[in-house]
Structures are given as C-alpha cells and as structure tokens.
1. For segment 5-28, which residues satisfy the criterion of being touching a strand residue (DSSP E or B) at 6+ places or on another chain (Cβ under 7 Å) and under 15 Å from residue 56 (Cβ atoms)?
2. Residue 81 is checked against (1) touching a residue at least 24 places away in the same chain (Cβ under 8 Å); (2) within 19 Å of residue 7 (Cβ to Cβ); (3) more than 14 Å from the chain's Cα centre (by Cα) and fails just one. What number does that condition carry?
3. Of the numbered conditions (1) in contact with a strand residue (DSSP E or B) (Cβ under 8 Å, 6 or more places away or on another chain); (2) surrounded by fewer than 16 Cβ atoms within 10 Å (Cβ to Cβ), residue 76 fails exactly one; give the number of that condition.
4. Among (1) touching a helix residue (DSSP H, G or I) at 6+ places or on another chain (Cβ under 8 Å); (2) in a helix (DSSP H, G or I), there is one condition residue 9 misses while meeting the rest; what is its number?
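Just so it is clear, none of the values below were taken in a lab; they were calculated from the coordinates. As the structure is a prediction and not an experimental result, all values here were calculated from the model. For neighbour counting, all protein chains shown are included, and Cβ atoms are generated from backbone atoms with ideal geometry for every residue, glycine included.
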C-alpha cells in the first residue's frame, strides 16, 4: 500500500467509522441539553465527539439529511484531494 492509500484510508476511518464508535460508546443522549449521560470509555474528548455527531444526526433528521450528506461529501473530497498533495 502506498502512503496515499494509507492516508485516504485513515481519513475515511476518522471521518466515518470513529463517529459511529464514539456514539456506540456513549449512551443516554438528551436532545434538550445536547449531552450524553455516560460513556464506557469516559473522556472529555470522546464525550464532545459523540455529542457533536448526535447533534449532527438530530439536525439531519429535521433537514432531510442535507447536513449529513454535506458532511459525507466533505469527507470524500478531503480523502480525494489531500493524498494528492502529499508526495510519495
């Protein structure tokens, strides 16, 4: 595997897989306070990460998934163009 493919895989992992893992790690998300109640692996970074993606899903639910489509599109664009900037 080249460095470009590894970097693209890393970007997809951080942008698409880690949010799902963070949301599965935390439970008890309240729509009013936009906060999770508890996490299995409890750190401030993971809580903030999960809160952001739960909020993105909540807004997407009321806006016909447009914010989620934009987010996935930005991740794909970053994964396409950032590895081209990095030299072998």
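1. Across segment 5-28, the qualifying residue is only 26.
2. (1)
3. With respect to (1) in contact with a strand residue (DSSP E or B) (Cβ under 8 Å, 6 or more places away or on another chain); (2) surrounded by fewer than 16 Cβ atoms within 10 Å (Cβ to Cβ), residue 76 is out only on (1).
4. (1)
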